[in-house]
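The values are calculated or read from the model by the stated rules, or taken from the named source; none is laboratory data. Please read these numbers as outputs of a predicted model, since none were measured by experiment. Here the Cβ positions follow ideal geometry from the backbone for every residue, glycine too, while neighbour counts run over all protein chains shown.
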There are 2 protein chains.
Amino acid sequence: MTTLDEVSGPGRLAEPDEGITAEELQLAARNHAMPLEALRYDVTPLGLHYLLIHYDIPDISPDTFRLEIDGRVGRPLSLDLAELRQRPRITQRVTLECAGNGRALLTPRPVSQPWLVEAVGTAEWTGCSLADLLRDAGPVDGAVEVVFTGADHGVERGVEQDYQRGLPLAEALRADAVLAYEMNGGPLPPQHGYPLRLVIPGWYGMAHVKWLRQITVVDTPFTGFQNDVAYRYRQEAGEYGDPVTRMRPRALVRPPGFPDFMSRVRVQPAGPVRITGRAWSGEAPVTRVEVTVDGGTTWADATLGVDTTAPWVWRSWTFDWAATPGRYVLGARATDASGQQQPVDQPWNRGGFANNLVQRVEVVVPDQST
Amino acid sequence: MTTLDEVSGPGRLAEPDEGITAEELQLAARNHAMPLEALRYDVTPLGLHYLLIHYDIPDISPDTFRLEIDGRVGRPLSLDLAELRQRPRITQRVTLECAGNGRALLTPRPVSQPWLVEAVGTAEWTGCSLADLLRDAGPVDGAVEVVFTGADHGVERGVEQDYQRGLPLAEALRADAVLAYEMNGGPLPPQHGYPLRLVIPGWYGMAHVKWLRQITVVDTPFTGFQNDVAYRYRQEAGEYGDPVTRMRPRALVRPPGFPDFMSRVRVQPAGPVRITGRAWSGEAPVTRVEVTVDGGTTWADATLGVDTTAPWVWRSWTFDWAATPGRYVLGARATDASGQQQPVDQPWNRGGFANNLVQRVEVVVPDQST
């Protein structure tokens, strides 16, 4: 018998000192992060925004594409792209981060997409209002969740599936939830969900279903793979666990100076240097960023940039540093209005989700004579 | 003393069974390959083309940017972007591959950017003619090479440098060499060299200098790091070696069916299936593509697509396969008009360059009852 089980292994943790595996490298070669120097852009240029694609990028014809809205609604709808574009346009600038960001830095390391710290990006998403469309369809009494189905198809842990995620109805009815057909003012690229994707500001990336083809209102919580198996916080394999939802606070330092090709260690000439970066949280607005140059032993407050108009957009910050010869480990930690702060000890869970442990940027300030 | 040596280690080979290292993963997270399903596009959409950035993406203002043409010329030139755009426009469709493509599959593995097989892409580059500009500057008698200097700055193996490559003058005078300021009909993105890059069709990526700021004609062969140290074919560390120049022939299979998330093994339903892919060579036009479904034991000819107008663009091919239940390893090998053929044994060298060993695509065709 040749069965689907042969293509999928069970989830596992890396052995102590086990290097990154060939399977993890395959994912890293496909799904790229945002080079950290791109923290200089308010809006991440196309091609630099992080990407996580579970299966393959589907090949969808705009001519035959339809979005179906069905399930527990009074008036099921079916719209083509022209009909979606005729609806009022809305644009949201949103910082989006993969729930697995930081996974490859955990000990022990959950074996999956091996993100370091930079699986993030900020884009301007334009499309029509999800809430308006749902109201047109009319969820019936008792509706609790909305299931979003993408056209991307594959196997995961032995389960063949189209990518599907359930979202609480109250979230789906938010005014800032977008069914996006444009990114950064141009057509949605294939790898970001062409022709249509969900954008649900504040949530980790797994909720922003790409290649969206169906929206189904349901009256019981969705128990599909991506909600009930994949994206949950667990300490043990058998646990049901809590769902992964919103982005936890994180600040990133834009590495100063210039890098070594292989080690990525930074060389910063001695003298005054303005350290810059970004910070965000999907839980509440960022209210404080602190910077360390000694790997977390001491902290000093950074200056926050002008507040953004939307709460789910990264906020800029600056910190003036008088660099003297030596070796340093830079990092920053964000605190948000809910009181959450980035940890200095790893927040481990079996899926490797939401590891917002403070970044470590190694910097060498050479002696001035060298 | 704190010196530059502290940021750079020497080049090395991985130990037997040494997994991918943290440093290799850092590079993989930044520098992405082309997801193999993008082989379906004649021209690779923006954001899916492979990227290799040695240091950081520089932040260049278009207002102050100037291209200097100097060295052994009769009339040194200095042009701003408007002056470059006023020159006659040329567009070249070019397939571009990283010289290190295939490196991470070598045994032993040279520790550097850990490419698998997909560090490739095809784009349309628009700009002005390098040859025309050089003729305007007038290389003097005895000029032999042209040195291209980028604005990207970093350290590599202890050597602080702006990225620089020398190219034989005869290559620089080819009619199809482009100083590109557009990619795929839009502005050159930051990560592909904004505002200006060299495109020298047929050569591996290291020759296509990005963030180009200076063109210097020289009368002795250039001995800078990227020509004399980095990009050379060597069996032993001490050797001078031969320079890495043009792309060796390679064919890639677009993986059929759908993938498993983690293993990337493909699931292909039984029945007739048209396998498709692309093939290219920088040495001479591709004249033959053969396909294997048994990991290289037997081969059958694929059907080549309509020839492209330029010799340096990948060529499509198709192969009809009657898939029956079982496990398969698909691959394809290209032969070009110079008689070169992709090897079935690894072409090892210490830098891990030009490993055009035949790809291995694992495919499971499930029993029809499952």
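Inspect all residues belonging to the stretch A:161-178 and state whether any of them is in contact with a strand residue (DSSP E or B) (Cβ under 8 Å, 6 or more places away or on another chain), farther than 30 Å from residue B:24 by Cβ, among the polar types (S, T, N, Q) and outside any loop (DSSP other than H, G, I, E, B). Among the residues of the stretch A:161-178, at least one is in contact with a strand residue (DSSP E or B) (Cβ under 8 Å, 6 or more places away or on another chain), farther than 30 Å from residue B:24 by Cβ, among the polar types (S, T, N, Q) and outside any loop (DSSP other than H, G, I, E, B), which makes the answer yes. Scanning the stretch A:1-51 for residues that are closer than 30 Å to residue A:318 by Cβ and of a type in the set (A, V, I, L, M) yields a total of 9. For the stretch B:71-78, check the following and say yes or no: at least one residue is away from every other protein chain (no Cβ under 14 Å) and in contact with a Lys or Arg (Cβ under 6 Å, 6 or more places away or on another chain). Yes, the conditions are met somewhere in the stretch B:71-78.
Looking across the stretch A:104-148, the residues that are assigned to a helix (DSSP H, G or I), among the small types (Gly, Ala, Ser) and surrounded by fewer than 24 Cβ atoms within 10 Å (Cβ to Cβ) come down to A:131, A:137. Each residue in the stretch A:310-336 was checked for being closer than 17 Å to residue A:286 by Cα, in a loop (DSSP other than H, G, I, E, B) and either modelled with pLDDT of 95 or more or in contact with a His (Cβ under 8 Å, 6 or more places away or on another chain) (or both), and 2 of them qualify. For first residues located in the stretch B:118-141 and among the basic types (Lys, Arg), partners that are not in a helix (DSSP H, G or I) and lie 6+ apart or on another chain with Cβ distances below 8 Å form the pairs B:135/B:173.
Taken over the stretch B:275-291, the criterion of being out of contact with any Lys or Arg (no Cβ under 6 Å at 6 or more places or on another chain) and either among the aliphatic types (A, V, I, L, M) or over 13 Å from residue B:342 (Cα atoms) (or both) is satisfied by B:275, B:278, B:284, B:285, B:289, B:291. Scanning the stretch B:337-347 for residues that are assigned to a loop (DSSP other than H, G, I, E, B) and not aliphatic (A, V, I, L, M) gives B:338, B:339, B:340, B:342, B:343, B:345, B:346, B:347. When we screen B:315, B:327, B:288 for residues that are among the basic types (Lys, Arg) and more than 30 Å from residue B:178 (Cα to Cα), the only hit is B:327.
Results for (1) over 18 Å from residue B:197 (Cβ atoms); (2) without any contact (Cβ under 8 Å) to a residue 60 or more places away in the chain; (3) out of contact with any Pro (no Cβ under 6 Å at 6 or more places or on another chain), shown as yes or no for each residue.
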| site | (1), (2), (3) |
| --- | --- |
| B:37 | yes, no, yes |
| B:45 | yes, no, no |
| B:55 | no, no, no |
| B:61 | no, yes, yes |
| B:67 | no, no, yes |
| B:73 | yes, no, no |
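Considering the stretch B:37-61, the residues that are farther than 23 Å from residue B:92 by Cα and more than 7 Å from every other protein chain (Cβ to nearest Cβ) include one that is surrounded by the fewest Cβ atoms within 10 Å (Cβ to Cβ), namely B:61. Within the stretch A:348-370, the residues that satisfy the criterion of being within 14 Å of another protein chain (Cβ to nearest Cβ) and either touching a residue at least 12 places away in the same chain (Cβ under 8 Å) or in a strand (DSSP E or B) (or both) are A:351, A:352, A:359, A:360, A:361, A:362, A:363, A:364, A:365, A:366, A:367, A:368. What residue, among those in the stretch A:185-209 that are more than 14 Å from every other protein chain (Cβ to nearest Cβ) and either assigned to a helix (DSSP H, G or I) or not aliphatic (A, V, I, L, M) (or both), is nearest to residue A:89 (Cα to Cα)? Filtering first and then ranking leaves A:197.
Identify all residues within the stretch B:220-257 that are within 30 Å of residue A:7 (Cα to Cα) and more than 14 Å from chain A (Cβ to nearest Cβ); write none if there are none. Within the stretch B:220-257, B:250, B:251 meet the criteria. Restricted to the stretch B:37-57, and to residues there that are of a type in the set (Phe, Trp, Tyr) and over 16 Å from the mean Cα position of the chain (by Cα), the residue that is nearest to residue B:208 (Cα to Cα) is B:55. Residue count for the stretch B:151-184, restricted to those that are aliphatic (A, V, I, L, M), within 14 Å of chain A (Cβ to nearest Cβ) and over 18 Å from residue B:214 (Cα atoms): 3. Taking residues in the stretch A:256-271 that are under 16 Å from residue B:111 (Cα atoms), and partners anywhere that are crowded, with 19+ Cβ neighbours inside 10 Å and of a type in the set (Phe, Trp, Tyr), the pairs with Cβ atoms closer than 9 Å and at least 6 places apart or on different chains are A:260/B:55; A:261/B:55.
Residues in the stretch B:258-274 that are facing chain A (nearest Cβ under 10 Å), over 27 Å from the mean Cα position of the chain (by Cα) and of a type outside the set (A, V, I, L, M): B:260 only. Taken together, the criteria exclude residue B:306 from residues that are within 20 Å of residue B:99 (Cα to Cα), outside the structural domain of residue B:107 (by TED's automatic domain parsing), surrounded by fewer than 21 Cβ atoms within 10 Å (Cβ to Cβ) and β-branched (Val, Ile, Thr).
Return a yes/no flag: does the stretch B:214-224 have any residue that is modelled with pLDDT under 95 and not hydrophobic (A, V, I, L, M, F, W, C). No, there is no match, as no residue in the stretch B:214-224 is modelled with pLDDT under 95 and not hydrophobic (A, V, I, L, M, F, W, C).
The single condition among (1) of a type outside the set (Asp, Glu); (2) on the phi < 0 side of the Ramachandran plot; (3) within 14 Å of chain B (Cβ to nearest Cβ) that residue A:148 does not satisfy is (3). For the stretch A:1-30, a tally of residues being of a type outside the set (A, V, I, L, M) and under 23 Å from residue B:106 (Cβ atoms) returns 8.
Among the residues of the stretch A:1-36, those that are at negative phi, more than 7 Å from chain B (Cβ to nearest Cβ) and more than 19 Å from the chain's Cα centre (by Cα) comprise A:5, A:10, A:11, A:12, A:13, A:14, A:15, A:16, A:22. Does residue B:12 count as touching a residue at least 24 places away in the same chain (Cβ under 8 Å) and under 27 Å from residue A:361 (Cα atoms)? Yes: the conditions hold for residue B:12.
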